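Here the structure is laid out as structure tokens; the discussion comes afterwards.
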Amino acid sequence: MSQHTVLEQVDTEWWKEAVVYQIYPRSFNDSDGDGIGDIPGITEKVGYLDKLGVDVVWLCPIYDSPNADNGYDIRNYRAIMDEFGAMADWETLLTELHARDMRLIMDLVINHTSKEHVWFQQSRQRDGKYEDYYYWRDGTPDTPPNNWNSIFGGPAWTYDEEREQWYLHLFDENQPDLKWRNSDVREDIKEMITWWLEKGIDGFRMDAINFISKTKGLPDGDPDRTLVGLEHYSHGPHIHTYLQEVYDDTLADYDVMTVGEMGETSIDQTAEYLVEGGSGLDMVFQFNHLTVDEGPDGQWTLDGWDEWDLSEFKAIMTRCQNELAGEWWDAVFLGNHDLPRILSRFGDDESYHRESAKLIATFLLTLRGTPYIYQGDEIGMTNAEFESLDEIDDPMTTGIVEMLLAEGRIESYDEAADLVNYRSRDHSRTPMQWSSEANAGFTDSEPWLKLNRNCTDINVASALDDTNSIWQHYKELIDLRHAEDVLVYGEYDLLLTDNEQIYAYRRTLSDETILIVLNWSDRHTTFDCPSINTSSADVLISNYESTSSDPKRHKFQPYEATVYRL
Ligand code: GLC
């Protein structure tokens, strides 16, 4: 059977075949010299994205915002942040992307708004229907209404002097949670969603979407959990109904893609959102595979982080491949604007910078599921070094450090410095490194966040000049994925399950088989896999020129990643 015939039998979708590129606008490209990336800056780089070969751009929030959480605190859903430009700039960007057959998905932040949103302003004045748009509770200013804590550290409640009540915020105090139980809230949100869909966008990444429904009465959470209250606000009682309603009343009428961001979500819980006729989500960002280097109390554990185990990682990824991507679909990613740089986390950003970055690229682009590339990963950007808390902008990092100090778990920043230098969200937010010129070609003035020191060596200009660059490898892998339906729609099966150095898998579609062998280590090794015949294998792509066509007769070099057609 030809691949073409086979494809008639699988559920093909444009978003399954797409490679997504995530842009953090503040850090991408500054066109007007104020040190802050902006929308015209992105438009200048549309040709760059086209050349790389990506199909979809996911734009982190560009809406009007006072920037307590870099745009994830929205003041006006229908306006553009001044620093980023005007609506006309956004329209130009959309037109330019569409002109090159690329699509645009927007960040949809609907669990909360900014405190400066007019809904909150009216709500705190108990103004008409807005009175009940947020979670307000009575109480004395010294005792929060329940024991939930904020994901950014400290209590999830702030006392509002004006309304003389507490309001709930799962994130920063400037991000009050919307009360989805109130159907007026849902109507307003749906209207806004349709407004954006009518502007011709191609989908949404839905922020913190598993948190929109809370247990009625907001009861105390188990005090022993790291995130106290989680069991009452994650996957709450009406979550599927709300998402279904949003889908039926808005998304169903448009050919768009949706990806829901769901922290603290198991693989089984994820599956519940994907089942046929599920909640209108095409795929989910769940983070199970990213727990492998966490300490016992999650990502901000002071000790016990850093070591990760390939066998554990393979086991989790394989469950995601089989139970999510295999059955429905999955979002394949290792990094984003909330996470450390993938190369520093999963590769060796010193001794095997180029090799391990290419290995990670090979991994991301040969799995089943839609791959997401975060800006800068295509040139091997690495974690930065933060010497003091003053160099950090991210409210999550500062909030957590303040909490550790307040709880007496650390006495000074120095005791948390290693953790911050491993974990801070600002690692992925340092400006994009375009060239070795002043300010890495990102801006003509002082950048809003310190550049990574290595920008003179690691930058787009030098990557484009080098035929063997990480960038080039990403491009070739993207081209390969576009050319090979088996890499998109083929089944996945893991080989050498217990091997602690090699992550190898096969992708199979009808009589097409592609074998991916990744030596995820800095030591040589061999591929001893009696169950498959590799004698007539051909190399499709490798990060080492000196590879050989039969993987079983080859000594894999550190971080070697080779893809074969069998
Ligand atoms: C999501 C975003 C993150 C933001 C948070 C609150 O996790 O990815 O950047 O801080 O939601 O909106």
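The values are calculated or read from the model by the stated rules, or taken from the named source; none is laboratory data. What you see is a predicted model; the values in this text were computed from it and never measured. All Cβ positions, glycine included, derive from the backbone under ideal geometry; neighbour counts span all protein chains shown. To get the accessible areas, we keep the full protein, side chains included, count just its heavy atoms, and leave off ligands, DNA and RNA. Shrake-Rupley method; radii C 1.70, N 1.55, O 1.52, S 1.80 Å.
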Any chance you could get the radius of gyration and Dmax over the Cα atoms of segment 361-459, in Å?
-> 16.1, 46
How far is the Cα center of segment 254-290 from the Cα center of segment 67-97, in Å?
-> 26
Relative contact order as a percentage, the chain, C-alpha pairs under 8 Å and 6+ apart, gives 13
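Write down the accessible area per residue of segment 142-181 in Å², having rolled a 1.4 Å probe over the full set of protein chains.
Details: 1390 Å² over 40 residues.
That works out to 35 Å² per residue.
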Dividing the helical contributions, -39500 (n - 2.57) per DSSP H run of n ≥ 4, by the residues of the chain yields a 222 nm value, nearest 500 deg cm²/dmol, of -7500 deg cm²/dmol
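Take every DSSP beta bridge with both residues inside the chain and express the antiparallel ones as a percent of the total, to the nearest 5.
Working: 36 of 59 bridges.
DSSP beta bridges in the chain are roughly 60 percent antiparallel.
From the C-alpha gyration tensor of segment 435-566, pull out the three semi-axes of the equivalent ellipsoid (sqrt of 5λ each), sorted largest to smallest, in whole Å.
Values for segment 435-566, descending: 35, 17, 13 Å.
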For a quick protection proxy, order the peptides 376-383, 69-76 by their average other-Cβ count within 10 Å, most packed first.
-> 376-383, 69-76
Return one whole number: the accessible area per residue of segment 39-126 in Å², for a 1.4 Å probe.
-> 32
To the nearest 10 degrees, how steep is helix 310-319 against the longest Cα principal axis of the chain, on a 0 to 90 scale?
-> 70
Please turn the phi angles of segment 169-176 into ³J(HN,Hα) values with the Karplus equation 6.51 cos²θ - 1.76 cosθ + 1.60 (θ = phi - 60°), one per residue in order, whole Hz, x for glycine and proline.
-> 9, 5, 10, 5, 4, 7, 10, x
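With the other protein chains left in place, how much accessible area per residue, in square angstrom, belongs to segment 248-334 at a 1.4 angstrom probe? Don't skip to the answer; put the middle values down first.
On the way: 3310 Å² over 87 residues.
Accessible area per residue, segment 248-334: 38 Å².
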Against the longest alpha carbon principal axis of the chain, how many degrees, from 0 to 90 and to the nearest 10, is the axis of helix 183-198 turned?
-> 40
Using alpha carbon centroids, what distance separates segment 6-53 and segment 381-424, in Å?
-> 31
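By average Cβ neighbour count within 10 Å, what is the ranking of 333-344, 285-296 from highest down?
Numbers: 333-344: 23.2, 285-296: 17.8.
Top to bottom by mean Cβ count within 10 Å: 333-344, 285-296.
Carbon and sulfur together cover what percent of the accessible area of the chain at a 1.4 Å probe radius?
Working: 8740 of 20930 Å².
Carbon and sulfur: 42 percent of the exposed surface of the chain.
So which GluC sites (Glu not before Pro) in segment 322-351 are both in a DSSP loop and have at most 14 other Cβ atoms within 10 Å of their Cβ? Display every interim value, and only then the final one.
Working: sites: 323, 327, 350; in loops: 327, 350.
Of the GluC sites (Glu not before Pro), the ones in loops of segment 322-351 whose Cβ has at most 14 other Cβ atoms within 10 Å are 327, 350.
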Please report, to two decimal places, log10 I(q)/I(0) for the chain at q = 0.10, 0.12, 0.13 Å⁻¹ as given by the Debye formula with identical point scatterers on the Cα atoms and no solvent.
-> -0.85, -1.26, -1.48
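From the convex hull of the Cα coordinates of segment 238-316, what is the mean projected area in square nanometres? Please report the intermediate quantities before stating the final value.
Working: hull surface 26.5 nm².
It is 6.6 nm².
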Amide H neighbours of residue 57 under 5 Å, counting only residues 5+ apart in sequence or on other chains, H built in-plane at 1.01 Å?
-> 21, 103, 104, 105
Got a sec to turn the phi values of segment 127-137 into Karplus ³J(HN,Hα) couplings, 6.51 cos²θ - 1.76 cosθ + 1.60 with θ = phi - 60°, whole Hz, x for Gly and Pro?
-> 8, x, 5, 6, 3, 10, 7, 10, 8, 9, 9
On average, how much area does the Cα convex hull of segment 170-269 cover when viewed from any direction, in nm²?
-> 7.4
Helix 353-365 versus the longest principal axis of the chain: what is the Cα-based angle in degrees, 0 to 90, to the nearest 10?
-> 80
